[in-house]
1. Taking the solvent-accessible surface of protein heavy atoms with a 1.4 Å probe, what is the per residue accessible area of the chain in Å²?
2. From the alpha carbon gyration tensor of the range 158-279, can you work out the equivalent ellipsoid semi-axes (sqrt of 5 times each eigenvalue) and give them in Å, largest to smallest?
3. Please turn the phi angles of the range 201-213 into ³J(HN,Hα) values with the Karplus equation 6.51 cos²θ - 1.76 cosθ + 1.60 (θ = phi - 60°), one per residue in order, whole Hz, x for glycine and proline.
4. Residue by residue through the range 33-43, which ³J(HN,Hα) values in whole Hz follow from phi under the Karplus form 6.51 cos²θ - 1.76 cosθ + 1.60 (θ = phi - 60°), with glycine and proline marked x?
5. Tally up the carbon and sulfur contribution to the accessible surface of the range 195-279 as a whole percent, 1.4 Å probe, everything protein left in place.
6. How tilted is helix 86-104 with respect to the longest principal axis of the chain? Cα atoms for both, answer in degrees (0 to 90, nearest 10).
7. Starting from the Cα gyration tensor of the chain, multiply each eigenvalue by 5, take the square root, and state the resulting semi-axes largest first in whole Å.
8. Counting pairs of alpha carbon atoms under 8 Å apart in space and at least six apart in sequence, what relative contact order in percent does the range 1-139 give?
Amino acid sequence: VQGGVSMVLFFVLLHILQTDTAERSELDSDLRAALRERQFVLYYQPQLNAANRVIGAELLIRWQHPQRGLVGPGEFIDHAENTGLIIPLGQWVLEQTAAQLRHWSDEPLFRDIGLAVNISQKQFRQPGFVAEILALIERHGIAAQRLELELTETLIVHDMEDLTRKMNALVEHGVRFSLDDFGTGFSSLSHLKRLPLSKLKIDRSFICDVLTDANSETIVRTVIALGQSMGMTVIAEGVETEAQRRFLADNGCSQFQGYLLGRPMPLADFCTFVQRHNA
Ligand code: C2E
Ligand code: MG
Ligand code: MG
Ligand code: MG
């Protein structure tokens, strides 16, 4: 009997594993096809200063799936990271970004707009990452200052040596770095001090209850003060209400991103948005 039970268990497990693997490899081949067939799009989420002017946008990837419609990054970025597909995908994002910056460079209303790109851990760890970014800037003839690379704390806790070296090399050429989802990871203050960051992005989880949770309020105030004292810009992500925006501004936060200001939107809508706010 025992042998029979373990046989059944074995087949159940085998079935689970096979289904899982089949689903994964299906997603994998779908993603590869999507890249070939140009089904990815970048949405632009506006970033505004305290005077309500658009100073830039964060680029957020979406998959325009022929059957499923618009698919968010939550459903494929981790997978792309695990399979290495994030490398060509990330290159595509960077190419698009640089081409857009080039396109805007002689339009008065747009030439000061900065674009922020999310860089995955695996992408940043590529030995050729620095050279690739510098070549991109050169090839498109763009001002490096317009390009902002968003890193997360996960990246920071490993191999500070390599990280600092790469960041410094790019910062020397004018590229800017921001620390995304700040407060959710485990980076220490000594890490923060050593890295050439120009911006801290306070994670949405603190912003959403900043007015109702005393701990979040303290954390937000502290992060703003910390950023200021280190000479960094502090931006709040996930600002959804005017009351949150006011609290943040009153406490010295200088940039805002969130549904209150604008949802991630297609390029054409973002251009209209900029015209409406900055003209
Ligand atoms: P993230 O970089 O922290 O991006 C912010 C996320 O918060 C975005 O989700 C955005 O749509 C959402 N968001 C912005 N404002 C609000 C708000 O007021 N309320 C709420 N509830 N949400 C808000 P999204 O677009 O689903 O992206 C999720 C994550 O996927 C991003 O988090 C980023 O880590 C990753 N991602 C997106 N695009 C790329 C990419 O091109 N490359 C890589 N490596 N990762 C990407
Ligand atoms: Mg981000
Ligand atoms: Mg974020
Ligand atoms: Mg986030």
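The values are calculated or read from the model by the stated rules, or taken from the named source; none is laboratory data. Because the structure is a prediction, the values reported are computed rather than measured. Every residue, glycine as well, gets a Cβ built from its backbone with ideal geometry; the counts of neighbours run over all protein chains shown. Quick note on the areas: whole protein, heavy atoms, side chains included, nothing else; ligands and nucleic acids left out. Shrake-Rupley method; radii C 1.70, N 1.55, O 1.52, S 1.80 Å.
1. 50
2. Its equivalent ellipsoid spans semi-axes of 26, 21, 12 Å.
3. 9, 6, 4, 3, 4, 7, 5, 5, 10, 4, 8, 10, 10
4. Going residue by residue, I get 5, 4, 5, 4, 8, 6, 8, 8, 9, 9, 9 Hz, with x marking Gly and Pro.
5. About 49 percent, which is the carbon plus sulfur part of the accessible surface.
6. 30
7. They are 34, 24, 21 Å, listed from largest to smallest.
8. In percent, rounded to a whole number, it is 19.
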